[in-house]
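See below for the structure under consideration.
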Amino acid sequence: MAGPPRHVACVMDGNGRWAARRALPRTAGHAAAEAAVIDTIEAAHAAGVEWLSLYAFSTENWRRPTAEVDFLMRLVRRTVRKHALTLHARGVRCRFLGAADPRVPPPLARDIADLMELTRDNRRLTLTVAFDHGGRRDIVAAARALIRDGVPAEQVTEESFARHLPHPDMPDVDLVIRTSGEQRISNFLLWQVAYAEWMFPRVLWPDFRAGHFWECLDAYRRRERRFGAVPAPATTEERTR
């Protein structure tokens, strides 16, 4: 049986379908997602999760209609400004993974930088927002960094490679939760999810709440994590239960 997850990552899927079921524009689904984000952060904080990563905007999401992308940029900025002081008071360290594209509006980029600076010494929970993120891009960037550092090919190891990824102190993901029932990785933290357990609750992200998060944690604890090894022999007590 697994212990509690140290690092939980969420693919926040289903905003558009949530809106469509209510005959609302897709932007209404994105706006409704804010409550789920805050509830999930609070649940992770209460559960003692040390690292929480949220997939907010991928490198592929730039292909969406301009009006939707502009709305998302404004929504993220409003959310950052609205909750910054509360997150800081809770001891949450906030970091963004990505946010390097020149299309990110400068006011949003400044607010992101201010939030990271405000909370950089907090350690109760590290919240990483994957925003303008792509797992393949991060792996390519790490490979380029190794080349620039002149590391000989025979000296490249998994450990040295990981040290060249963005936020190299980020531990591997233990549990990935993807809402809406879809079962795809979607280019999310490709290196870090190598041995993650996955949960696919059918609830759409805007309806995801603390109770759903706790259910996923309970299911995770019941799993046996072997990392490629064989199961441990059952004890006499376990065989006679």
Identified option (computed P(r) over Cα pairs in 10 Å bins from 0, in percent; candidates [x] 7, 29, 35, 20, 7, 2, 0; [y] 7, 27, 30, 18, 8, 4, 3, 2, 1, 0; [z] 7, 26, 31, 23, 11, 2, 0): [x]
Would you please classify the overall shape of the stretch 178-227 from the alpha carbon gyration tensor, given that a ≥ b ≥ c denote the square roots of the eigenvalues, rounded means a/c under 1.5, and beyond that prolate means a/b larger than b/c while oblate covers the rest? oblate
Shape call for the stretch 1-144 from the C-alpha gyration tensor, a ≥ b ≥ c root eigenvalues: rounded (a/c under 1.5), prolate (a/b greater than b/c) or oblate? rounded
Which whole-angstrom value gives the distance between the alpha carbon centres of the stretch 35-64 and the stretch 130-153? 23
Pulled fully out, how much extra length does the chain show between Glu224 and Glu117, if you take 0.36 nm times their separation in residues and subtract their Cα-Cα distance? 34.7 nm
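If Trp18, Trp214 are ordered by their accessible area, calculated over protein heavy atoms with a 1.4 Å probe, which sequence runs from highest to lowest?
Heavy-atom accessible area, descending, gives Trp214, Trp18.
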Could you work out which residue, out of Gly29, Gly48, Gly98, moves most in a Gaussian network model of the chain, that is, has the largest mean-square fluctuation with Cα springs under 10 Å? Gly48
Taking H placed 1.01 Å from N in the peptide plane, check which residues at least 5 places from Glu197 or on another chain put their amide H under 5 Å from its amide H. Leu175, Val176
Would you please put 51-61, 103-113 in order of how densely packed they are, using the mean number of other Cβ atoms within 10 angstrom per residue and starting with the highest? 51-61, 103-113
Take the solvent-accessible surface of the protein heavy atoms, probe 1.4 Å, and return the percent of it on the chain that carbon and sulfur atoms account for. 53
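The values are calculated or read from the model by the stated rules, or taken from the named source; none is laboratory data. For clarity, every value in this text was computed on a predicted model and none was experimentally measured. All Cβ positions, glycine included, derive from the backbone under ideal geometry; neighbour counts span all protein chains shown. To get the accessible areas, we keep the full protein, side chains included, count just its heavy atoms, and leave off ligands, DNA and RNA. Shrake-Rupley method; radii C 1.70, N 1.55, O 1.52, S 1.80 Å.
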